[in-house]
Amino acid sequence: MHVLRSIVRTIDHFTEKSGMLLAWLCLGMAVITCLVVLLRYGFGIGSIATQESVTYMHGMVFMLGAAFTLKRGGHVRVDIFYRRFSERTRAWINSLGAIVLLIPFCVFLVGVSWQFVGDAWSIREGSPDPGGIHAVFLLKTLIPLMALNLILQGIAELLRNALILVGDDG
C-alpha cells in the first residue's frame, strides 16, 4: 500500500505543480490582451503573432490544465446525488468512471490525434496568417499531451479510490 500511496503522491505533485505553473498563463493572457488592445486602438499598431500568442496560452491552460482540474475535483458531476453518497460509494463511482470512461476516452484521443499531430509536425505547420506564429504543430501537440496528462491523473485517482476501497487511510 505504501507503494500505491507513493505513486499517487508523485502524480499529484506533478499535476499540482504543473497546474500552478499554468495558472500564471492566465495573468500572461490578460496582460497581452490588454497590450494588444492598447497597441491597436491607442497607437494603431497590430500584431497577429501577439494576438495568436493569447490563443496559444489559452490552449495550454485548458488542455494541460484538465488534469489539474480533475485532481481538484472541478469536473462536472451530478452533485445533487454524489454528495449524499458515502466515501466508499463515491470511490466506486469514481473508479468505474476512470476505468469505463476517462482512461478509454483518453487512449482513444491519443490514437485518433496521433496522425493529425504527426502530419502537423512533418510539415512544421504554421499560422495561415502572415506575421502569425509558425508553430501550429506545437499547439496541436497539446491534444495528445492533454490525454496523456489525464490518463496519468486518472491512474492517480483510480489508485486513490482503490486505497479507500481497501480501507487504507494512509
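The values are calculated or read from the model by the stated rules, or taken from the named source; none is laboratory data. The structure presented is a predicted model; accordingly, all values stated were derived computationally and were not measured. Here the Cβ is made from the backbone with ideal geometry for all residues, glycine too, and neighbour counts use every protein chain on show.
Residue check: is residue 127 more than 19 Å from the chain's Cα centre (by Cα), of a type in the set (Ser, Thr, Tyr) and surrounded by 15 or more Cβ atoms within 10 Å (Cβ to Cβ)? When the stated conditions are applied, residue 127 passes them.
Applying the criterion of being touching a helix residue (DSSP H, G or I) at 6+ places or on another chain (Cβ under 8 Å), outside any loop (DSSP other than H, G, I, E, B) and not hydrophobic (A, V, I, L, M, F, W, C) to the residues of segment 84-136, the residue that is nearest to residue 69 (Cα to Cα) is 94.
Taking segment 1-77 and the helices (runs of 4 or more DSSP H) fully enclosed by it, the elements with 3 or more residues that are over 16 Å from residue 157 (Cβ atoms) and under 18 Å from the mean Cα position of the chain (by Cα) are at 2-37, 48-64. Determine if segment 30-45 includes at least one residue that is of a type outside the set (Val, Ile, Thr) and closer than 21 Å to residue 63 by Cα. Yes.
I'd like the full set of residues that are without any contact (Cβ under 8 Å) to a residue 40 or more places away in the chain and polar (S, T, N, Q), limited to segment 92-150. Those that are without any contact (Cβ under 8 Å) to a residue 40 or more places away in the chain and polar (S, T, N, Q): 113, 115, 122, 141.
Residue by residue, here is whether (1) touching an Asp or Glu at 6+ places or on another chain (Cβ under 9 Å); (2) among the aliphatic types (A, V, I, L, M) holds:
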{"residue": "101", "(1), (2)": "no, yes"}
{"residue": "104", "(1), (2)": "no, no"}
{"residue": "109", "(1), (2)": "no, yes"}
{"residue": "116", "(1), (2)": "no, no"}
{"residue": "122", "(1), (2)": "no, no"}
{"residue": "130", "(1), (2)": "no, no"}
{"residue": "133", "(1), (2)": "yes, yes"}
{"residue": "144", "(1), (2)": "no, no"}
{"residue": "147", "(1), (2)": "no, yes"}
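Look through segment 148-170, keep the residues that are of a type in the set (Gly, Ala, Ser) and farther than 16 Å from residue 100 by Cβ, and return whichever of them is modelled with the lowest pLDDT. Looking at the filtered set, the residue picked out is 170.
Looking only at segment 11-34, which residues are surrounded by 14 or more Cβ atoms within 10 Å (Cβ to Cβ) and either in contact with a strand residue (DSSP E or B) (Cβ under 9 Å, 6 or more places away or on another chain) or among the aliphatic types (A, V, I, L, M) (or both)? Selection gives 11, 22, 25, 29, 32.
The set of residues from segment 118-160 being β-branched (Val, Ile, Thr) and within 19 Å of residue 60 (Cα to Cα) comprises 133, 136, 141, 143, 151.
Going residue by residue through segment 77-85, is there one that turns out to be of a type outside the set (Phe, Trp, Tyr) and in contact (Cβ under 8 Å) with a residue 12 or more places away in the chain? No, the conditions are met nowhere in segment 77-85.
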